[in-house]
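Participant: Got a structure here, written out as structure tokens. Questions coming.
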Amino acid sequence: MQDKPLFTTLLAAAILILLVLLPFPQPAVMAQSTPPSPYNLIAAINNLRNANGLPALQINNALMSAAQLHSQYQASIGSWSHTGSGGSSETDRALAAGYGSGDSVICDEAVAVAQAATTVDYIVNVIWNDYQHRNLVLLNSRFSDIGAGAAIGSDGLVYYTVDHCTTGGSQTVASPAATAVTRGSAAPSPSAEVIKTVVAATPLENGSIVHIVEAGQTLWSIATAYGQTTDQLAALNGLPTPNPVIYVGQKLLVRPAFTPTLTPTITITPRPATRTPRPTFTPQPTRPTRTATLEPTPTSQPLVTLPKFDRRWFGISLVAICGLGLVTVLANHLLRSKPGAKEPPKDPTKEP
């Protein structure tokens, strides 16, 4: 019967030691989904091109490097952008990475921001399913090489970049990008047309920008030169969609005139004559009014103020006290169970 209190004491002391000394478990961190690799993105694009009768693009190491650096730049600023570090374009980044070996280069780019669990098929077939990405970039037959990049930002999102480029003296396009034609002729066919560089027009006095279309220019190249999209230019000029047609010599409105701000007219109002008022008589009170002064209400202080203490040291002290009690119980138990120990004298007053 004497072993049961001893066992209970040992168990309570062990539980107390575990609660005080052992660290609390940390919350589990959910593992992040692994984003698709740039090579998976290229494979999905080539599958789309093959399904539309176009040859697969060749992976170029210089374009892979340029696309990866631009993805990392987008992740660092936390936003998608076609303008890279220092205001560079996709062509600038391709040339800086060594693409083309000094030859003439033409490039186009597609970027996207998605969750880490988003598949490449969703990016290619849903996010990039608009005319500007699908027809002018992914399914454009003028491009021969490709590079891709992916980087995870501090926000947990994945920033993707694909660069489509080609080299050579002739820069041709086979996609229906609204190539300028001579007025009265038929609309351009999907055959190759020579691209001419677009020079941005100077804004007029009213703030509007009007671009005069030249031979070899496309609606896409004009929109790119002014930082707009083909849909914006088509809507601004009332062009039909999805295949707008522009003409040589046509005046395209790129930016409408500013709305003038009316300046208020200041009207001078004559100041009226000032009349000197008569002094006002202020009656004096016959008896001053006494203001009652509020007595401060004493704030009762607590009878006992508990001192601040460290909970951990308090727990360690409690364990030490329990340990001393445990040693005392064990010593008492050993003395009683020792053979030959004298029994305490019985009280003669108690009955046997």
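Participant: Over segment 38-84, give the accessible area per residue in Å² for a 1.4 Å probe, as an integer.
Facilitator: Ligands and nucleic acids excluded, the result is 49 Å² per residue.
Participant: If I stretch the segment between Q250 and A215 completely, what's the gain in nm (0.36 nm per residue apart, minus their alpha carbon distance), one decimal?
Facilitator: Using 0.36 nm per residue and subtracting the Cα-Cα distance, I get 11.6 nm.
Participant: Same structure again: Under the 0.36 nm per residue contour assumption, what length would be gained going from the current alpha-carbon distance of L236 and S104 to full extension?
Facilitator: Answer, rounded to one decimal: 44.2 nm.
Participant: Full-extension gain between T8 and V199, please, as 0.36 nm times their residue separation minus the C-alpha to C-alpha distance.
Facilitator: 59.6 nm
Participant: Please find the FRET efficiency linking S79 to I316, where r is the Cβ-Cβ separation and R0 is fixed at 35 Å, and quote it to the nearest 0.05.
Facilitator: My answer for the efficiency is 0.10.
Participant: With viscosity set to 1.002 mPa s and temperature to 20 °C, compute the Stokes-Einstein D of segment 49-137, Rh being the Kirkwood radius across alpha carbon pairs; µm²/s, no decimals.
Facilitator: 148 µm²/s
Participant: Another question, then. Can you check what the Kirkwood hydrodynamic radius comes to for segment 109-167, Cα pairs only, in Å to one decimal?
Facilitator: 12.1 Å
Participant: Right, next: Any idea how far the Cα center of segment 76-115 sits from the one of segment 145-169, in Å?
Facilitator: With segment 76-115 and segment 145-169 each reduced to a Cα centre, they are spaced 8 Å.
Participant: Label-point separation (nm) for L334 and S144, each offset 7 Å from Cα along Cα-to-Cβ?
Facilitator: About 9.3 nm separates the two model spin labels.
The values are calculated or read from the model by the stated rules, or taken from the named source; none is laboratory data. Since the model is a prediction, treat every value here as computed from it, not as a measurement. With ideal geometry, Cβ positions are generated from the backbone for all residues, glycine too; neighbour counts draw on all protein chains shown. What goes into the accessible areas is simple: the full protein's heavy atoms, side chains included, and nothing from ligands, DNA or RNA. Shrake-Rupley method; radii C 1.70, N 1.55, O 1.52, S 1.80 Å.
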